[in-house]
Amino acid sequence: MFAHIRSRRVLADMTSSETLEVAFVSDGTSGATVWDTTNGTMLRTYRHTASIGQNCMSLLGNDYLIAADKGPLIQTWPINSQERSHQVRMLCGGKINSLAASPDGLYIAVAISEKLQVWMACSGRLLTTVSRHFQPITIIKWSPDGSYLVTGGEDGLVCVWSLAKLVNTSRSSMPQIFFSGDQTDQSAPNYIFSDHSVRITGIYIGNCTRCIRIFTTSVDKTCKIYDLSTGIMLLSIAFDIIPSSLTVDSVETTVYIGTTAGPIRSFDLTSPPRTRECYISDKESGIKFIGHTKAVTALSVSLFGDTLVSGSTDCTIRTWHVASRQCLRTIQLKEPVINMFLTLTPRQLNANELEPSIVLRSFKKTEEQEDDNFVEVYCYNDLFEEENDTFEYKEDTSMHEDLEKIKTINARIYEFALHSILKDSEPNLKEDIDISSFSMVDLEFDGEKDELSGDDDTTEHSTTPKKKKRGRRKSKKNVDDANISNELI
């Protein structure tokens with residue numbers, strides 16, 4: 001225990017000059033901002049011509065910030081620049097309701113009306129498009145390991161999708177048909193929770209390795225907890241006020257729920273009720289964070305769980321001390337807070353030049369399915385241009401030169417051997433003549449001409465086989481004489 005306290009003290013001393021966590025905020029004005037919630041200073045601004053939609057802002061790895069303004073285009077900012085990147089154009093097929101990037105920055109999930117699209121960031125390919133909601137999707141969340149997506153919609157449905165099934169190469173040969181209780185398609189969701197009756201306002205996916213839990217809130221004044229491995233609802237909590245946002249601490253012992261009236265409520269999971277369903281009224285809920293006067297749109301807990309940061313439509317961002325429930329700092333903004341989340345300070349937030357660790361490409365227009373067995377692999381060298389390459393790698397060309405010399409020598413040897421073989425075995429020209437191409441008159445005339453002009457040649461050619469025949473006859477006679485002598489003996 002003392003060692004743990006000492007390590008936290010050392011970490012606090014190390015981060016005293018540098019901020020450990022920052023808050024990315026988007027309000028009704030154009031663009032987004034980065035804030036240090038401990039001292040209330042603005043660290044960076046990302047310019048844009050329009051306001052960012054709710055649940056439409058996310059970090060792509062630690063290198064880029066992506067957001068959408070309720071249009072078909074996803075805006076991209078380098079993490080260290082306030083200007084948008086014009087080299088990459090991420091254009092989707094419709095108005096974007098929600099988006100979220102995977103924790104590793106490889107995939108981007110986009111909600112267009114009631115459809116869910118998954119794009120690959122490094123290639124710009126549209127991997128899949130699925131639809132299970134009956135009304136528009138309002139929120140998308142990734143699991144901490146990036147293996148699952150959870151979507152919530154206006155219809156009150158909560159769908160759990162497996163990324164492995166969504167990007168399965170066999171999807172093109174299987175029809176996307178859904179049946180109640182059966183999953184006949186590889187791209188069908190793993191679970192469909194229909195316990196909520198109206199719009200989903202918040203989703204949180206736990207990080208516990210033994211039992212991953214999903215927390216959801218809805219306009220129906222309930223908060224429900226599910227087990228991801230079994231799909232069973234563990235607990236249902238009913239309130240007397242509409243919850244507008246949701247978050248859970250890192251150890252998953254306390255649930256924080258923002259309300260439409262302003263107060264933030266908390267629920268302790270270490271002492272849950274005995275029944276699966278319970279009701280908590282305003283009088284029974286003694287743990288409250290009172291300060292906001294309007295709906296709380298975003299909640300986020302710090303890494304150590306000692307502070308809580310909230311954003312509201314009353315144009316304020318508040319930092320709370322969890323143990324005492326006191327407001328430590330209030331940041332006043334010009335417009336209502338739409339999006340806000342805490343994250344560890346990106347390493348290149350204040351860097352002069354960006355050195356990206358991920359590859360980013362423009363989105364392609366159509367879904368490519370003809371190259372299902374094609375896998376595109378990117379290496380670290382693809383992140384840099386040739387003129388700006390800092391590796392200065394020089395390839396050893398001596399081996400290539402030796403191989404070229406050996407190839408030329410082998411080619412010359414082959415030509416010499418082929419020429420010598422063809423020279424020794426020249427083809428007989430008479431055998432190559434096509435007799436069917438000549439008439440009988442030509443053949444007779446040619447025969448007479450050959451007899452008149454080529455007597456000497458014919459005699460020479462005729463004497464050779466005669467000599468051979470005589471030699472054969474002599475050898476045969478000698479063999480007969482030898483046989484007779486053997487008989488006499």
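The values are calculated or read from the model by the stated rules, or taken from the named source; none is laboratory data. These numbers come from a predicted model, not from an experiment. Methodologically, a virtual Cβ is constructed for each residue, glycine included, from the backbone with ideal geometry; neighbour enumeration extends over all protein chains shown. Keep in mind that these areas ignore ligands, DNA and RNA; they rest on the heavy atoms of the full protein, side chains included. Shrake-Rupley method; radii C 1.70, N 1.55, O 1.52, S 1.80 Å.
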Give region 37-86 a look and list any residue that's aliphatic (A, V, I, L, M) and open to solvent by less than 40 Å² (accessible area, probe 1.4 Å), or say none. Ala50, Ile52, Met57, Leu59, Leu60, Leu65, Ile66, Ala67, Ala68, Ile74, Ile79
Taking the stated definitions as given, is Tyr378 within 21 Å of Leu59 (Cβ to Cβ) and either modelled with pLDDT under 70 or of a type in the set (Asp, Glu) (or both)? yes
Are there any pairs with C-beta distances below 6 angstrom linking a residue in region 212-232 that is touching a residue at least 60 places away in the same chain (Cβ under 8 Å) to a residue that is open to solvent by 20 Å² or more (accessible area, probe 1.4 Å) and aromatic (Phe, Trp, Tyr), with the two at least 6 apart or on different chains, and if so which? Gly231/Tyr191
Could you check how many residues of region 204-214 are open to solvent by 20 Å² or more (accessible area, probe 1.4 Å) and in a loop (DSSP other than H, G, I, E, B)? 6
Give the residue that is surrounded by the most Cβ atoms within 10 Å (Cβ to Cβ), with candidates limited to residues of region 181-193 that are small (Gly, Ala, Ser) and either more than 29 Å from the chain's Cα centre (by Cα) or at pLDDT below 85 (or both). Ser187
Note: among Thr201, Thr217, just one is in contact with a strand residue (DSSP E or B) (Cβ under 8 Å, 6 or more places away or on another chain), of a type in the set (Val, Ile, Thr) and open to solvent by less than 20 Å² (accessible area, probe 1.4 Å), namely Thr217
If you check Ser312 against the conditions, is it of a type in the set (S, T, N, Q), open to solvent by less than 50 Å² (accessible area, probe 1.4 Å) and out of contact with any Leu (no Cβ under 8 Å at 6 or more places or on another chain)? yes
Qualifying positions in region 36-57 - of a type in the set (D, E, K, R) and at pLDDT below 90: Arg47
Just to verify a result, which residue in region 18-36, among those that are closer than 19 Å to Asn80 by Cα and among the hydroxyl-bearing types (Ser, Thr, Tyr), is surrounded by the fewest Cβ atoms within 10 Å (Cβ to Cβ)? Ser30
Which of the residues spanning region 221-235 are open to solvent by 20 Å² or more (accessible area, probe 1.4 Å), assigned to a loop (DSSP other than H, G, I, E, B) and among the aliphatic types (A, V, I, L, M)? Ile232
Would region 116-130 turn up any residue that is open to solvent by less than 10 Å² (accessible area, probe 1.4 Å), β-branched (Val, Ile, Thr), closer than 30 Å to Val251 by Cβ and in contact (Cβ under 8 Å) with a residue 12 or more places away in the chain? no
Which residue, of Arg84, Arg89, Arg44, is over 18 Å from the mean Cα position of the chain (by Cα) and touching a residue at least 40 places away in the same chain (Cβ under 8 Å)? Arg44
